[in-house]
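Bear in mind these aren't lab numbers, they're just calculated from the coordinates by the rules spelled out. Just so it is clear, the structure is predicted and the values come from calculations on it, not from any experiment. Cβ: placed from backbone, ideal geometry, glycine included. Neighbour counts: every protein chain shown.
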Amino acid sequence: MRNVSKVGAVVVMAGVAGMQVAAAQTGQNVPAATPPAAMTAPPVVATQADRLLRQMSEYIASAEQFTFHADITFDHVLPSGQKLQYTSSEDVALERPNRLYVEWSGDLGDRQFWYDGKSLTLYDPATPFYATDAAPPDIDAMLDMAVTKLGFAPPLTDLLYRDPYHAVRGNVQYGLDLGETDVNGRSCHALAFVEKDIDWQIWIDDGIQTIPCKLVITYKMQPSQPQFTAVFTDWDFSPRIAAPVFTPEVPAGLVKIPFATVSDAK
């Protein structure tokens, strides 16, 4: 999975995990050696786990529009190391190639995000501010721009790309098929994956619609290893989405501020 989208775990709809580069003992800038190809271990992913992940991704990718709801829990770690758990919910409406609306509501605040093919807008109802920026003409390019330029992305962003498999599979080192289990009355395949900075599990519906049932991410490199969990419901691949849904609705009199400021609020 792409690091930036694991974020839902941070209150604001965004989060980035960094990479550290080691310095030489001499203190000089010595380029790191590239290991020979023979010494680089390839990912070890069970065939069934890879197949199910690809099937789920292809099913979502084939849809020109969809909506879903996710009930989310996430940990916030205090300086003492104590983990506090918070809850939130997320509603998503997507229409390819260039319409997206995300609404986040939770214990630590709310956010609304609109993309209409020309611009993206973020609004926090608890503040008198909003942010807007010009955006590329398709969802994938818009999400890439939001991540690289604005340091921001809605939670569960990986599922919004045209090719979710590419988004979630790239950094996987190990993958297992844990068999079938029940998620809210649905029979789902449970899969577990390991990456350098995170471990994650995903449950995929065993029915005709191979959709995500549940997602759990463990940030194992962070203190106290906080977790982010999303349970998905109400997937609809033939929704009737009214055009105004993708048009920003911000109250009159709000102050427009730089995008980074509102995305980092709270």
_What does the extension gain come out to for K220 and E180, with contour length at 0.36 nm per residue minus their alpha carbon separation?_
11.9 nm
*Cα gyration tensor of region 152-239 - equivalent ellipsoid semi-axes, whole Å, descending*: 22, 16, 13
*Are any of the pairs K118/K196; K149/K220; K196/K256; K214/K256 more than 31 Å apart by Cα-Cα distance, and if so, which?*
K118/K196; K196/K256; K214/K256
*asked:* Assuming 0.36 nm per residue, please report the length gained on full extension of the stretch R96 to D236 beyond their Cα-Cα distance.
replied: 49.0 nm
_For region 104-215: span of alpha carbons on each principal axis (Å, largest first)_ = 47, 30, 29
*Which value, in Å to one decimal place, does the Kirkwood hydrodynamic radius take for region 120-161 when every pair of different Cα atoms is included?*
11.2 Å
*Take the Cβ-Cβ distance between D197 and D110 as r, set R0 to 30 Å, and report the resulting FRET efficiency rounded to the nearest 0.05.*
0.60
